[in-house]
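Remarks on the structure that follows.
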Amino acid sequence: MISAKKTVLAAAFVCLGVSSSAFAETLTIATVNNGDMVRMQKLTNDFKKDNPGIELNWVTLEENVLRQRVTTDIATKGGQFDVLTIGMYEAPIWAERGWLSPLDDLPASYDIDDILPPIREGLSHNGIMYAAPFYGESSFTMYRTDLFEKAGLEMPDKPTWDFIKDAAGKLADKSNEVYGICLRGKAGWGENMAFLTAMANSYGARWFDMDWKPQLDADAWKATLTDYVALVQAVGPPDAATNGYNENLALFQAGKCAIWIDATAAGQFVTNADSDVADNVGFALAPDKGLGKRANWLWAWALAVPADSKNEAAAKKFVAWATSKQYLELVAAKEGWSNAPPGTRASLYANPEYQQIPFAKMTLASIQATDPKSPTVEEVPYTGIQFVAIPEFQSIGTAVGQRFAEALKGNITVDEAIANAEWVTEKVIVRTRFLEKDNGAQ
C-alpha cells in the first residue's frame, strides 16, 4: 500500500505536471506459462485501473524453469520477486521456514471460507493460508467421443487401467497421426513424476515405507513403469519424453490424441475455440487398478508473497485481486464462464451457469475424491499425492524423473531406471538424515 506521504507527494507533483508513475510501486511477478496465467496478464488493466500506484513487471517461465528460479531466489533471499507462483508442495514447506508472508490479513470481502477445503488446506501451515489459489486441479481422463463412437467403445465414468490400455490400442491410427494416448514424458518432479506418482499410487506403489526406506524397487513401481513405457511407446506420440502438460494440450487440441490423462484445468482449453475437437471431448475420472486408489492428484497453482518483499502490502493487494470471486466474474464477463479459473471456490461450482460447463462436475468430483493424508494403498509416513511433502523431494523427484524419461526414450531398461531411482532416493534420504543428526536434529 502506498504510504500517505507518498500519496500526498504524488498528488503535489501531478499538480505541477509531473507524472505520478515516478512514485509507483513495481511488483515483479514470477509465473508459469499456462493458459490461465497468460490470460491473467491480459486482464490486469482492470487491476491497474483501480490501483494506479502499482505497476506490474511479469516474468513468465516454463514450469520446470519457474520452479528452479523461484526456489533459488527465495532460498538465497535474492529478492527478485514480489509475487511468486508456487503450488501445494512449496507453500507449507516454505511457510514453515519463514519464507512466505501469511495471508491472514486479506479483506473480509475476499471470503477465504469460500475456498474449497482440500485446496485451502494444501496451501496452509498451522491453519494459516500462505498462498492463495489462482486455480485448483486434480487429474482426469479426457477422450475423443467421436473416435470412441466410431470404434464402438464407451468410456465408463470410472475407467480402469486395463480399459484405458485396451481402448488406446484400438483407437491408435498413426497413419493419420492420431495417437491412442498422450501422457506426460518430460522429466521433472512436477511433470512426468506428477503423473507417474499418481499412476503408481493406483497400482499400490509408494515412495517410502513407514521407516522412510525407499520402495521404488518394489513390484508395484516396476509394474507402473513397465505399463507406462509400453503403452506410450506403442501408441503414444513420437518423442513423448519431450512432452509435458503444454505439449500434450497442443496435441489434444489439434486432434492428435484419442485419450489424454492430465490436469482437470485442461478442461477449458480442450473445449474452447482454440481446440479443433471442442465439440467431441468427454471426461471421466482418472483410472484405477481396482485397489481403492485412482490416479488423480491434487494441486493448485497459487500466488504467494515472499516474507522479505519490500512491497508486501501492494503484493497482497494484487494476490487478493487475482484470486478473488470478482476476478472469476471478470473472466466470465469477458470470455465466458467456461474460462473462469477452476477448482478453487465453492461458489463457482454452486453457480447454475457454471454447472452447465461439460467438465465442471467431473473436476469437482476429482478434487473432492483426493486425500493427501492417505494417498496410497499401503500406509506411508508422508502426505501429498503426486509428490512427497518433504523438502528433499524436489531433488529426488527431478533425478528420478530424468531416469524414467530415459527409459521412455528406450535408452535404458525399466529395470535399470528403477534401480537408478532406488539408489538416488536412498542416497538423498540417508544424506539428509545424517546431516540432520549431525546438526542436532531429532
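In the set (1) in contact with a Gly (Cβ under 9 Å, 6 or more places away or on another chain); (2) without any contact (Cβ under 8 Å) to a residue 12 or more places away in the chain, CYS182 fails one condition alone, (2).
Would it be correct to say that TYR349 is in the same structural domain as TYR110 (by TED's automatic domain parsing), of a type in the set (Phe, Trp, Tyr) and either outside any loop (DSSP other than H, G, I, E, B) or within 24 Å of LEU291 (Cβ to Cβ) (or both)? Spelling it out, TYR349 is indeed in the same structural domain as TYR110 (by TED's automatic domain parsing), of a type in the set (Phe, Trp, Tyr) and either outside any loop (DSSP other than H, G, I, E, B) or within 24 Å of LEU291 (Cβ to Cβ) (or both).
Residue by residue, here is whether (1) of a type outside the set (Phe, Trp, Tyr); (2) over 26 Å from VAL270 (Cβ atoms); (3) touching a residue at least 12 places away in the same chain (Cβ under 8 Å) holds:
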{"residue": "ALA313", "(1), (2), (3)": "yes, yes, yes"}
{"residue": "THR323", "(1), (2), (3)": "yes, no, yes"}
{"residue": "ALA346", "(1), (2), (3)": "yes, no, yes"}
{"residue": "ALA365", "(1), (2), (3)": "yes, no, yes"}
{"residue": "PRO381", "(1), (2), (3)": "yes, yes, yes"}
{"residue": "GLN386", "(1), (2), (3)": "yes, no, yes"}
{"residue": "PHE393", "(1), (2), (3)": "no, yes, yes"}
{"residue": "ILE396", "(1), (2), (3)": "yes, yes, yes"}
{"residue": "ILE412", "(1), (2), (3)": "yes, yes, no"}
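Do you know which of the residues in the range 150-172 that are among the charged types (D, E, K, R) and not in a helix (DSSP H, G or I) is farthest from the chain's Cα centre (by Cα)? Ranking the candidates gives GLU154 first. State whether one or more residues within the range 308-321 are among the acidic types (Asp, Glu) and out of contact with any helix residue (DSSP H, G or I) (no Cβ under 6 Å at 6 or more places or on another chain). Yes, that holds for at least one residue. Which members of the range 154-185 meet the condition of being under 15 Å from MET142 (Cβ atoms) and among the acidic types (Asp, Glu)? Residue satisfying the conditions is ASP157 alone.
Quick grid of which residues meet (1) under 20 Å from LEU183 (Cα atoms); (2) of a type in the set (A, V, I, L, M); (3) touching a His at 6+ places or on another chain (Cβ under 7 Å):
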| position | (1), (2), (3) |
| --- | --- |
| ALA205 | yes, yes, no |
| ASP211 | no, no, no |
| GLN215 | no, no, no |
| THR226 | yes, no, no |
| VAL229 | yes, yes, no |
| VAL235 | yes, yes, no |
| ASP239 | yes, no, no |
| PHE252 | yes, no, no |
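Just one residue in the set GLU154, GLU137, GLU149 is closer than 24 Å to PHE387 by Cα, at pLDDT 95 or above and acidic (Asp, Glu); that residue is GLU137.
Among the residues making up the range 285-308, those that are surrounded by 20 or more Cβ atoms within 10 Å (Cβ to Cβ) and closer than 20 Å to PHE134 by Cα are ASN296, TRP297, LEU298, TRP299, ALA300, TRP301, ALA302, LEU303, ALA304, VAL305, PRO306.
Residues in the range 357-398 that are charged (D, E, K, R), part of a loop (DSSP other than H, G, I, E, B) and farther than 16 Å from GLU426 by Cα: ASP371, LYS373, GLU378, GLU379. Could you tell me whether LEU147 is buried (at least 20 other Cβ atoms within 10 Å of the Cβ) and either among the β-branched types (Val, Ile, Thr) or part of a helix (DSSP H, G or I) (or both)? So LEU147 passes the test.
Table: residues versus (1) within 30 Å of SER175 (Cα to Cα); (2) assigned to a helix (DSSP H, G or I); (3) in the same structural domain as GLY190 (by TED's automatic domain parsing).
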site: LEU249; (1), (2), (3): yes, yes, yes
site: PHE252; (1), (2), (3): yes, yes, yes
site: GLY255; (1), (2), (3): yes, no, yes
site: SER275; (1), (2), (3): yes, no, yes
site: GLY292; (1), (2), (3): no, no, yes
site: LEU303; (1), (2), (3): no, no, no
site: ALA315; (1), (2), (3): no, yes, no
site: LYS334; (1), (2), (3): no, yes, no
site: GLY343; (1), (2), (3): no, no, no
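Among the conditions (1) surrounded by 20 or more Cβ atoms within 10 Å (Cβ to Cβ); (2) within 24 Å of TRP189 (Cβ to Cβ); (3) β-branched (Val, Ile, Thr), ILE54 misses just one, which is (2). In the range 317-332, of all residues being among the small types (Gly, Ala, Ser) and in a helix (DSSP H, G or I), the one that is nearest to LEU103 (Cα to Cα) corresponds to ALA320. Among the residues of the range 369-393, which ones are out of contact with any Pro (no Cβ under 7 Å at 6 or more places or on another chain) and among the polar types (S, T, N, Q)? Of everything in the range 369-393, those that are out of contact with any Pro (no Cβ under 7 Å at 6 or more places or on another chain) and among the polar types (S, T, N, Q) turn out to be SER374, THR376, GLN386. Counting only helices (runs of 4 or more DSSP H) wholly contained in the range 37-128, the ones carrying 1 or more residues that are of a type in the set (Gly, Ala, Ser) occupy 63-75, 90-96, 117-122. With the condition kept exactly as written, say whether any residue in the range 280-300 is of a type in the set (D, E, K, R) and free of Cβ contacts under 8 Å to residues at least 12 places away in the same chain. There is no residue in the range 280-300 that is of a type in the set (D, E, K, R) and free of Cβ contacts under 8 Å to residues at least 12 places away in the same chain.
The values are calculated or read from the model by the stated rules, or taken from the named source; none is laboratory data. The structure presented is a predicted model; accordingly, all values stated were derived computationally and were not measured. Note that we place each Cβ from the backbone using ideal geometry, even for glycine, and neighbour counts take in every protein chain shown.
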